[in-house]
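Okay, structure first, notes after.
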Amino acid sequence: MRKKASWTTSGGFADWYIVQTTSPDFGGNYANLSCFLILADEVKSNPSNWNGLGLRGNQSGPIEIDNVEIPRNRLVGPVGDGATSNDECVDPFFLLCSSACWNGIAMGMIDIAKNHTTRKTHVDVGMRVADYPTIQDYIGECIMDTNAARALDYQMGQAMDAATNNCDWSLHKDPSAMPRAQYLHWMWQVKFIAAKNVAHVSDKMLHACGGTGYKPALGIERYLRDAKAGWVMGPTNEVLRQFVGKMALLGTQSLDYWNQSLNERVLNNELKKLDADGKRQLAEKLLAEANGKMSSVA
C-alpha cells in the first residue's frame, strides 16, 4: 500500500488507522475504494508540527504509508466497498456525533455566559450585565437556535435507529444493505445547522461576556476556537448547502461525487464559444488523446 493523507485526526498518536484507498483493480473510477486496517508502526507522521489555532488536542496532520505490504486479512469489508461504507456507516455516524459535539459546545458557552453575566455588576448604574435587554436577547436567541439544532440531531438519530432495529449490525451480513444511507441528505443538514449555530453562538456569547471573554480563565475563548472548527470540518458548510440545494433542484445524480458524469449543458455552452478553427483544434487534440489512450491500452 502507498497512501498520503494530508489531514488525519490523531495522526501519529493512534494505535491503528482505517485507511481508504483506490482498490487494487482501480481503473479510473474513484468510487472504487477499499478500506484497510493499518497499524501505528506502518505509518510515517510528524505530529509535533501540528499547531492549529490553539487546538493542541486535535493533533491533525499528514500521514504516509510508504509501500507497506499488509496481509489480506487487513481488508475491511469487500474490495470496492469504500464508497458504500462511507454512505452507510462513516458519514451518518460522523455527522450525527460531530453535530452533537457542536451542540454541546454551544450549550457550554451559553452556560459560561449565563454565569458571568448574572454575577458581573456595573456598579455605576447598579445593574448586572444580565439585566440589559441586549444580553437577554443574545441568550434567548442562542438557546432557541441551539435547541432546534439539538432536536434535529436527536430526530435523525432516532430515524436511523428505527431503520436499523436499534443499530442491529446483523443487517449488514448483506453488504448491499444500506438502511442509513437514505438519510444521508438529512445528515448533511444536521451538520450544517449545528456548525452554523455554534459559530453564531460563539460570537454572541463572546459579545455578551465583553472583554472578559478574551481571558482564558473564563473559558469562552477556548470554546470559540473549537466552535469555529465546525464550519470547515469536512464536508464544509459551503459544500453541504450546495449538495442539498443541487440535489433538491436537479436530483441525486447531479451531485456526481466521484467526478464521473459529464455535464453536457456546460460542455455544449462552452463549445458554442469556439469558432470553426477552435473547434478543429479541439477535435484534433481530443482525437490525439483518444488514439494515444487506445494505443497505450492495446
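The values are calculated or read from the model by the stated rules, or taken from the named source; none is laboratory data. Keep in mind it's a predicted model, so treat the numbers as computed, not measured. Neighbour counts are summed over all protein chains in view; Cβ atoms, including those assigned to glycine, are modelled from backbone coordinates with ideal geometry. Remember, those area values only see protein heavy atoms, side chains included, never the ligands or the DNA or RNA. Shrake-Rupley method; radii C 1.70, N 1.55, O 1.52, S 1.80 Å.
Numbers below:
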item: Tilt relative to the chain, helix 237-250 - C-alpha long axis, 0 to 90 degrees, to 10; result: 60 degrees
item: Contact order relative to length of the chain, as percent, for alpha carbon pairs under 8 angstrom and 6 or more apart; result: 16 percent
item: The stretch 148-293 - percent of accessible surface contributed by carbon and sulfur, probe 1.4 Å; result: 56 percent
item: When the stretch 48-159 is reduced to its Cα atoms, the Kirkwood hydrodynamic radius in Å; result: 18.9 Å
item: Greater than 23 Å apart at Cα, pairs in Lys120/Lys191; Lys114/Lys196; Lys204/Lys228; Lys120/Lys196; Lys114/Lys215; result: Lys120/Lys191; Lys120/Lys196
item: Contact order relative to length of the stretch 117-274, as percent, for alpha carbon pairs under 8 angstrom and 6 or more apart; result: 17 percent
item: Highest average packing first - 67-78, 200-211, Cβ atoms within 10 Å; result: 200-211, 67-78
item: Degrees, to the nearest 10: 220-232 long Cα axis against longest axis of the chain; result: 20 degrees
item: Between helix 276-297 and the chain: long-axis angle, C-alpha atoms, 0 to 90°, nearest 10; result: 80 degrees
item: Nearest-10 value in Å² for the accessible area of Tyr30, using the 1.4 Å probe; result: 120 Å²
item: Peptides ranked, highest mean first, by Cβ atoms within 10 Å: ranges 225-231, 129-135; result: 225-231, 129-135
item: Which of His116, Leu249, Gly292, positive extreme of dipole for the chain (C-beta unit charges); result: His116
item: At 0.890 mPa s and 25 °C, Stokes diffusion of the chain via Kirkwood alpha-carbon radius, µm² per second; result: 106 µm²/s
item: 28 Å Cα-Cα reach of Lys273 towards lysines, excluding residues that sit fewer than 8 places from it in its own chain; result: Lys246, Lys285, Lys293
item: Accessible area (Å², 1.4 Å probe, nearest 10) - Leu224; result: 40 Å²
item: Residues of type aspartates and glutamates that Lys44 reaches as a straight line, Cα spacing below 13 Å, ignoring anything fewer than 8 places off in the same chain; result: Asp15, Glu64, Asp66
